[in-house]
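Reading through the structure tokens given below for one structure.
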Amino acid sequence: MTGSIQGLQRFESPGKGRALRVTRAFKVGELLFSSAAYSYVLSAKERGCYCEFCFSRKNGLAKCGKCKKAFYCNVKCQKGDWAMHKLECSAMTAFREKWCPSETARLVARILAKKKTQKERCVSERMLLIGEMQSHVEDIDNEKREMSEADIAELHRFYSKNLDFPDHKDLLTLFSQVACNGFTVEDDELSHLGTAVYPDVALINHSCLPSVIVTYNGTSAEVRAVRDMKPGDEVLISYIDLLYPTDDRNTRLRESYFFTCDCQECESKSKDKAKLKLRKKSDPIEPEVISNMVRYARRSIRKFRSLLQCSLDSVAPPSELLEMCEQTLEEMGTVFHDSNVFMLHMMYQAMGVCLYMDDVEGAIRYGEKILQPYMQLYPPYSLNVCSMYLKMGRLYMVMEKHAGGIKALKKAMAIMEVTHGKDHFYLTEMRKEIAQK
Ligand SMILES: [Zn+2]
Ligand SMILES: [Zn+2]
Ligand SMILES: [Zn+2]
């Protein structure tokens, strides 16, 4: 457990509660620790592309013979996963296309199953830590509570055959623990692969100037230094996307994690001006015009997000989504500079829609506008910058622009050597790919 990981120590941080610090120096790119997931679940939309058990990505995975919905590397992975997959295997067959629990409900079902087997085998330290995780049940607003209630209903509907449930209050606590402490497992392009719980990593507090970054190797989380650290330094990750200005970051932190950040960047707001850069005009823009446009931008972002949550097909055709991005960009562009983060946000969405529509040239056009400001506005060794280089590199390669492609891929690899470690599977694969060109 954490106490026994060399070079690390738990401590009580005034005002923040439990926290983690290093007891020796760590250099940029050095692994602090890696952590096996307490529990994890592969996203339903990734079925067939990844092994449900080890999260390996490969062609020719073998199907579960019963439900024909879960895919594995081999019999060993299938056997390894059975204790968890059996919660869903027969239910998926019985409910057919009506089987639709949320990913959170699926993860909580797995946590409950795991807790049960551990209780039978006597309590382990990991389970204690799950109990210790912050829940913030008392801070939850109505919207979140309704979501949890819907999740609990799904749990009863799809899992009651295979699970005994604790009482309603304990379930609410568990859902809110998972909401605060669950990690989204992402691939090298930051696509969502699944959700997992890592009690050790959940000890790490937030800062907008993080000292470490979390990446994934199969289903394990790896924590590496992105700054040189000296003995006694607190281990700090960022819980949120660091692109946005201080007010927006803290709104996000309060809504999802129930605190306000007091890091050096939140005090100095040193990057806010560049993040909110305005278009050059002969006359200065009125403050009221600026604040109205910021409100318009925030509203547009929320609107676009809620549209996307209903999945790309069921809402509007992608061409309409793209039009919405373009209109918003045009409107904001009367006040904001192209490198303003609200412009970048909308361009990033537009790039995603282009990719969805296989419009490679459109995606490249947006990507080229995003990359330069991303490098300036994100901290060094950012996964967001890295994934943008990767996407662009791969798009250039598709368009047979090999020189530009390899250059972008190498930029991504330089970041990944620090964030993922030199020997990560992603890097060995990319080295092979580049050597073939
Ligand atoms: Zn596997
Ligand atoms: Zn099955
Ligand atoms: Zn901060």
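The values are calculated or read from the model by the stated rules, or taken from the named source; none is laboratory data. Treat the numbers as computed from the prediction; the structure is a model and nothing was measured. Counting neighbours? That spans all protein chains shown, and the Cβs are built from the backbone with ideal geometry, glycine included.
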>> Checking the conditions here, which among A83, A91 is surrounded by 14 or more Cβ atoms within 10 Å (Cβ to Cβ), within 16 Å of ligand 2 (Cβ to nearest atom) and in a helix (DSSP H, G or I)?
In response: A91
>> Cβ-Cβ distance below 7 Å, separation of 6 or more or different chains: which pairs start in the stretch 1-28 with a residue that is under 25 Å from V418 (Cα atoms) and end on one that is modelled with pLDDT under 95 and aromatic (F, W, Y)?
In response: A19/F11; R21/F11
> Given (1) surrounded by 14 or more Cβ atoms within 10 Å (Cβ to Cβ); (2) under 19 Å from the mean Cα position of the chain (by Cα), where does S306 come up short, assuming only one miss?
Replying inline: (1)
>> Among the residues in the stretch 116-131, are any modelled with pLDDT under 80, surrounded by 14 or more Cβ atoms within 10 Å (Cβ to Cβ), under 22 Å from G182 (Cβ atoms) and touching a strand residue (DSSP E or B) at 6+ places or on another chain (Cβ under 8 Å)?
In response: yes
>> So the check is Cβ under 7 Å with 6+ separation or different chains; which pairs have a first residue in the stretch 285-309 that's touching a residue at least 24 places away in the same chain (Cβ under 8 Å) and a second one that's assigned to a helix (DSSP H, G or I) and among the acidic types (D, E)?
In response: Y296/E331
> Name the pairs: first residue in the stretch 62-83 and over 18 Å from G48 (Cβ atoms), second residue part of a loop (DSSP other than H, G, I, E, B) and not acidic (D, E), Cβ to Cβ under 7 Å, at least 6 apart or on different chains?
Replying inline: G80/F53
> Pairs under 7 Å by beta carbon, first residue more than 16 Å from ligand 1 (Cβ to nearest atom) in the stretch 197-213, partner of a type in the set (D, E), six or more apart or different chains?
Replying inline: N205/E234; C208/E265; L209/E265; S211/D233
>> Out of the residues in the stretch 44-64 meeting the condition of being outside any loop (DSSP other than H, G, I, E, B) and of a type outside the set (D, E), tell me which one is nearest to P101 (Cα to Cα).
In response: A44
> Across the stretch 246-280, what is the number of residues that are modelled with pLDDT under 95, assigned to a helix (DSSP H, G or I) and more than 13 Å from ligand 3 (Cβ to nearest atom)?
Replying inline: 2
> Listed residues F71, F55, F33; which is surrounded by 13 or more Cβ atoms within 10 Å (Cβ to Cβ) and more than 16 Å from ligand 1 (Cβ to nearest atom)?
Replying inline: F33
>> Step by step: first the residues of the stretch 50-62, then only those that are at pLDDT 95 or above and of a type outside the set (S, T, Y), then the one that is farthest from the chain's Cα centre (by Cα). Which residue is that?
In response: A62
>> Given the criteria away from ligand 3 (no atom under 16 Å from the Cβ), in contact with a strand residue (DSSP E or B) (Cβ under 8 Å, 6 or more places away or on another chain) and not assigned by TED's automatic domain parsing to the domain that holds A414, does G29 qualify?
In response: yes
>> Take the conditions buried (at least 21 other Cβ atoms within 10 Å of the Cβ) and modelled with pLDDT under 95 and apply them to V201. Does it pass?
In response: yes
> Out of curiosity, is G60 more than 17 Å from L112 (Cβ to Cβ), exposed (fewer than 14 other Cβ atoms within 10 Å of the Cβ) and within 13 Å of ligand 2 (Cβ to nearest atom)?
Replying inline: no
